[in-house]
Amino acid sequence: MKPSFPLASLARASLLACGLGAATLAVAQTAPPPGLPGTLAWSAYDVGSGGYNQAVAIGNALKQRYGVNLRVLPLITRDPRALLDAGEADLAVGFFPEVIAAIVAQGGQSHLRHARLYDTRYVCAMRKGHALARRALTLDAFCNAHHLLVSFSGEAHGFTDEALAGLNRQRRIVLTVNQFFTASRVVAHSDLLTVLPEGFAESAGFGPELVTRELPLALAPVQVEMVWHLRHDVDPAHRWLREQMLAAAA
């Protein structure tokens with residue numbers, strides 16, 4: 001499993017993707033082919049300490065070296081197909097389980113292509129000194145606690161709640177936000193629990209303030225993928241961008 005949220009060096013710029021991990025784009029390694037468009041866009045969830053600031057850093061680095069501009073579009077759903085079909089995004093990066101299932105089911109008839117970048121998982125996070133941090137987290141303790149939910153769509157229901165419903169259990173969500181960074185900051189200064197991608201707290205600078213525990217219920221692994229339209233499949237410029245993403249996630 002690829003470690004989540006690797007730190008970027010001076011020669012690499014970080015792209016926070018879908019709230020589940022960070023891919024480091026190696027902008028100083030290989031030049032794009034001739035004819036690269038002036039603007040490349042892909043869809044990503046803004047998940048961390050300045051997700052958009054990270055996007056600006058990528059764009060500046062590529063523009064300075066290659067004259068390339070990148071634009072990151074926020075998603076409020078886990079379905080980027082409309083953006084890709086309309087040509088409003090060239091590449092979607094994130095956790096799109098239903099979309100990937102549909103692409104696989106359609107096989108060669110699908111007008112979309114995909115490639116796995118890496119896998120991660122969710123853990124429970126709380127402030128250091130929290131009463132529940134002293135021992136392994138039980139299902140009863142988890143359900144009886146007050147929770148903060150990260151929801152990109154704003155809906156007060158997520159994967160964790162679906163898994164709890166399968167066990168005939170539920171939790172009390174007292175606050176919903178749309179960024180993991182915001183969630184980490186709030187949890188660090190309250191008694192709320194939240195569910196984060198493994199490794200996020202450390203890479204976002206919350207390591208000294210938060211502790212993580214194994215979730216007391218099973219959640220499916222998170223598979224971060226990139227998805228693009230068939231029209232771009234053999235385009236040299238688009239292929240170059242995909243190769244950069246794959247190399248960074250390796």
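The values are calculated or read from the model by the stated rules, or taken from the named source; none is laboratory data. Keep in mind the model is a prediction, meaning the values are calculated, not measured. So basically every Cβ, Gly included, is an ideal-geometry build from the backbone, and we count neighbours across all protein chains shown.
Odds and ends about this structure:
- Failed item in (1) free of Cβ contacts under 8 Å to residues at least 40 places away in the same chain; (2) within 30 Å of Leu241 (Cβ to Cβ); (3) in contact with a strand residue (DSSP E or B) (Cβ under 9 Å, 6 or more places away or on another chain); (4) not polar (S, T, N, Q), with Gly107 passing the rest: (3)
- Conditions (1) in contact with a strand residue (DSSP E or B) (Cβ under 9 Å, 6 or more places away or on another chain); (2) surrounded by fewer than 21 Cβ atoms within 10 Å (Cβ to Cβ); number of the one not met by Leu139: (1)
- Positions within region 86-109 being modelled with pLDDT of 90 or more, farther than 13 Å from Val224 by Cα and either among the β-branched types (Val, Ile, Thr) or surrounded by 13 or more Cβ atoms within 10 Å (Cβ to Cβ) (or both), in sequence order: Ala102, Ile103, Val104
- Which listed residue is under 16 Å from the mean Cα position of the chain (by Cα) and surrounded by 15 or more Cβ atoms within 10 Å (Cβ to Cβ), from Ser184, Ser190: Ser184
- Ser190 among the hydroxyl-bearing types (Ser, Thr, Tyr) and within 25 Å of Glu88 (Cα to Cα): no
- Just one of (1) surrounded by fewer than 22 Cβ atoms within 10 Å (Cβ to Cβ); (2) in contact (Cβ under 8 Å) with a residue 60 or more places away in the chain fails for Val227. It is (1).
- Beta carbons closer than 6 Å, at least 6 apart along the sequence or on distinct chains, pair a first residue in region 123-150 that is free of Cβ contacts under 8 Å to residues at least 60 places away in the same chain and assigned by TED's automatic domain parsing to the domain that holds Ser184 with a second that is basic (Lys, Arg) and buried (at least 16 other Cβ atoms within 10 Å of the Cβ) for Cys143/Arg171; His147/Arg171.
- Within region 153-181, the set of residues being surrounded by fewer than 16 Cβ atoms within 10 Å (Cβ to Cβ) and in contact with a His (Cβ under 8 Å, 6 or more places away or on another chain) comprises Arg172, Val174.
- The single condition from (1) surrounded by 17 or more Cβ atoms within 10 Å (Cβ to Cβ); (2) more than 23 Å from Gly107 (Cα to Cα) that Val222 fails is (2).
- Any chance Glu162 is of a type in the set (D, E, K, R) and touching a residue at least 40 places away in the same chain (Cβ under 8 Å): no
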